[in-house]
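Here the structure is laid out as structure tokens; the discussion comes afterwards.
The values are calculated or read from the model by the stated rules, or taken from the named source; none is laboratory data. Quick caveat, the model's predicted, so the values are computed rather than measured. All Cβ positions, glycine included, derive from the backbone under ideal geometry; neighbour counts span all protein chains shown. These area figures cover heavy atoms from the full protein model, side chains too; ligands, DNA and RNA do not enter into them. Shrake-Rupley method; radii C 1.70, N 1.55, O 1.52, S 1.80 Å.
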Amino acid sequence: MSRTIIAPSVLSADFSKLGDEVEAIVRAGADWIHLDVMDGHFVPNITFGPPVIKAIRNRTDKVFDCHLMITPADPYLAAFAEAGCDVITVHAEAGPHLDRSLQAIRNLGKKAGVSLNPSTPESVIEYVLDRLDLVLLMTVNPGFGGQAFIPSVVEKVKRVKALIGDRPIDIQIDGGITPETAPLVAAAGANVLVAGSAVFKGGSEASYRANIEAIRTASDGAMRRAA
């Protein structure tokens, strides 16, 4: 059985030493690096764009998992691809042409993801499943780190898992992931967990390692019991 993929969100890192933080979480056991891009328009916060991603790309060969909380997204897809993102996820709510956006990401040679806000029904991805490599379910409302997990999304994970069937699509969870909430979504079918404050609390590489291990142990155990 495959183990949980842990994707720490650098949104919770110390931005004054972002490259060093990326290297530290990789040494601590991170599988992917999650990049939360916010525009102050689609979500009420502004983070960073392609230049920052490009600047830290040479610090690791781990998957750069880019979550675009921006609208419109299409004009910027090429810039994020060129900056070194491996997976590019757009929000279903961010534009009128989801199918076109996913095609564009695939045409850039990248893996395509779609993200759903807590109140968005999973039915919106039904007709684009064959263009997807990843479905990201928000378990908080996007825009800020450190929010509380929304429990009703656990049932949504199960419905998305059923919708995907045997397609090789990752199910990713973003928001409020801790060793307590990770087993809930892992048992429901999620295999990629984004964690920000829960990974970066403590501020040292040793604490990052302990935090990642706690989340992975909890989620892997739930996966095994559910299998």
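Of the conditions (1) modelled with pLDDT of 95 or more; (2) surrounded by fewer than 21 Cβ atoms within 10 Å (Cβ to Cβ), Asn45 fails just one. Which one is it?
Failing condition for Asn45: (1).
Output the qualifying pairs, or none if there are none: Cβ atoms under 7 angstrom, residues six or more apart or on different chains, first residue in region 180-202 and of a type in the set (Lys, Arg), second residue open to solvent by 20 Å² or more (accessible area, probe 1.4 Å).
Lys201/Ser207; Lys201/Asn211
Could you list, in sequence order, the residues of region 1-39 that are part of a helix (DSSP H, G or I) and of a type in the set (Lys, Arg)?
Hits for region 1-39 are Lys17, Arg27.
Examine region 175-194 for a residue that is at positive phi and modelled with pLDDT under 95, and state whether such a residue exists.
yes
Residue by residue through region 87-110, note down the ones that are more than 18 Å from Met38 (Cα to Cα) and not aliphatic (A, V, I, L, M).
Pro96, His97, Asp99, Arg100, Gln103, Arg106, Asn107, Gly109, Lys110
Are any of the residues in region 208-218 open to solvent by 70 Å² or more (accessible area, probe 1.4 Å), part of a loop (DSSP other than H, G, I, E, B) and under 26 Å from Lys17 (Cα atoms)?
No, region 208-218 has no match at all.
Kindly list the number of the only condition in (1) over 18 Å from Thr139 (Cβ atoms); (2) touching a helix residue (DSSP H, G or I) at 6+ places or on another chain (Cβ under 7 Å); (3) not in a helix (DSSP H, G or I) that fails for Ile171.
Exception for Ile171: condition (1).
Mind checking which residues of region 168-207 are under 23 Å from Ser152 (Cα atoms) and either among the basic types (Lys, Arg) or open to solvent by 60 Å² or more (accessible area, probe 1.4 Å) (or both)?
If the condition is that a residue be under 23 Å from Ser152 (Cα atoms) and either among the basic types (Lys, Arg) or open to solvent by 60 Å² or more (accessible area, probe 1.4 Å) (or both), then Glu180, Leu184, Ser197 are the ones that fit.
From Gly109, Gly40, Gly49, Gly113, which residue is touching a residue at least 24 places away in the same chain (Cβ under 8 Å) and at positive phi?
That would be Gly109, the only listed residue that is touching a residue at least 24 places away in the same chain (Cβ under 8 Å) and at positive phi.
Answer yes or no: is there a residue in region 142-154 that is surrounded by fewer than 20 Cβ atoms within 10 Å (Cβ to Cβ) and free of Cβ contacts under 8 Å to residues at least 12 places away in the same chain.
No, every residue in region 142-154 fails to be surrounded by fewer than 20 Cβ atoms within 10 Å (Cβ to Cβ) and free of Cβ contacts under 8 Å to residues at least 12 places away in the same chain.
So Phe42 clears everything in (1) under 16 Å from the mean Cα position of the chain (by Cα); (2) part of a loop (DSSP other than H, G, I, E, B); (3) of a type outside the set (Ser, Thr, Tyr) except one condition, right? Which one?
(1)
So which residues in region 48-72 are touching a Gly at 6+ places or on another chain (Cβ under 8 Å) and either over 19 Å from Asp174 (Cα atoms) or surrounded by fewer than 22 Cβ atoms within 10 Å (Cβ to Cβ) (or both)?
Ile53, Lys54, Ala55, Ile56, Arg57, Arg59, Thr71, Pro72
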